[in-house]
Amino acid sequence: MVREQLEARGIRDPRVLQAMREVPRHAFVDEALAGGACGDHPLPIGFGQTISQPFMVAFMTELLRPRPDHRVLDVGTGSGYQAAVLARLVRTVFGVERIPELTLRAQGTLTRLGFENVVLMTGDGTLGWSRFAPFDGILVAAAGPEAPASLLAQLAEGGRLVMPTGTRASQRILLAERRFGGGIDTSEGIACTFVPLLGREGWPEGTS
Ligand code: SAH
């Protein structure tokens, strides 16, 4: 997976590649799917949600520029797989997931695998998690019309937000970076398709 799907497509950060090697992707999906867990595609995790394809997880993680002293917010924690990859790379991961059953399952998986630096809650992640803000990085695994203002407000100076934005049909990976002493720089990257970010600063409930 790492050589053919990630290195071959330009993922270079050795720490990200190592984290992708170490986190067992199959542990985050139903046993029936475990055999194909490292395939070049998203994986269903129930409730109409998916874990992104390995390349997309690695691409977004690399773009976040995670460092060992960072505190990172993971919005749309789902199975907990992306949170686990981040947890290998930063000091603490704060995860927000809107579907309580998924939060519970992710917590169980992460505990079973021995991750102690991930804190999860069920809630609307478009509002961030103000109690633990500011964050050095914010990674959103669901697509919204634009970057939620609450998330941008919870970025530390020099912090980076990585998130798919666009219409429901087609999106691009947005990178927003808070400058030291002020404003926000944004740039748009590769095309992608994600499940919707549903909430106060995302798409309305019921959007599919
Ligand atoms: N990162 C996840 C991917 C899950 S798919 C993983 O590695 O498994 C995206 C997730 O975003 C879904 O679980 C969905 O329920 C969640 N989501 C959608 N809108 C949300 C919101 N406003 N707040 C928190 N989670 C949300």
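The values are calculated or read from the model by the stated rules, or taken from the named source; none is laboratory data. Small disclaimer: the values here were computed from a predicted structure and weren't measured. Reconstructed Cβ throughout: ideal geometry from the backbone, glycine too, with neighbour counts over all protein chains shown. SASA here: full protein model, heavy atoms, side chains in, ligands and nucleic acids out. Shrake-Rupley method; radii C 1.70, N 1.55, O 1.52, S 1.80 Å.
A few points about this structure:
- Segment 105-144 - residue that is of a type in the set (S, T, N, Q) and away from the ligand (no atom under 15 Å from the Cβ) and, of those, nearest to the chain's Cα centre (by Cα): 117
- Any hit, segment 145-160, residues being within 16 Å of the ligand (Cβ to nearest atom) and charged (D, E, K, R): yes
- In segment 88-109, the residues that are in a helix (DSSP H, G or I) and either of a type outside the set (Ser, Thr, Tyr) or touching a strand residue (DSSP E or B) at 6+ places or on another chain (Cβ under 7 Å) (or both): 100, 101, 102, 103, 104, 105, 106, 107, 108
- Residue under evaluation residue 163, criteria (1) within 18 Å of residue 42 (Cβ to Cβ); (2) open to solvent by 60 Å² or more (accessible area, probe 1.4 Å); (3) assigned to a strand (DSSP E or B), criterion not met: (2)
- Test for residue 182: is it of a type outside the set (D, E, K, R), touching a strand residue (DSSP E or B) at 6+ places or on another chain (Cβ under 9 Å), more than 13 Å from the ligand (Cβ to nearest atom) and more than 20 Å from residue 82 (Cα to Cα): yes
- Failed item in (1) within 28 Å of residue 28 (Cα to Cα); (2) more than 13 Å from the ligand (Cβ to nearest atom); (3) open to solvent by less than 20 Å² (accessible area, probe 1.4 Å), with residue 194 passing the rest: (2)
- Test for residue 85: is it assigned to a helix (DSSP H, G or I), open to solvent by less than 10 Å² (accessible area, probe 1.4 Å) and more than 7 Å from the ligand (Cβ to nearest atom): yes
- Positions within segment 24-69 being under 19 Å from residue 9 (Cα atoms), assigned to a loop (DSSP other than H, G, I, E, B) and within 9 Å of the ligand (Cβ to nearest atom), in sequence order: 42, 52
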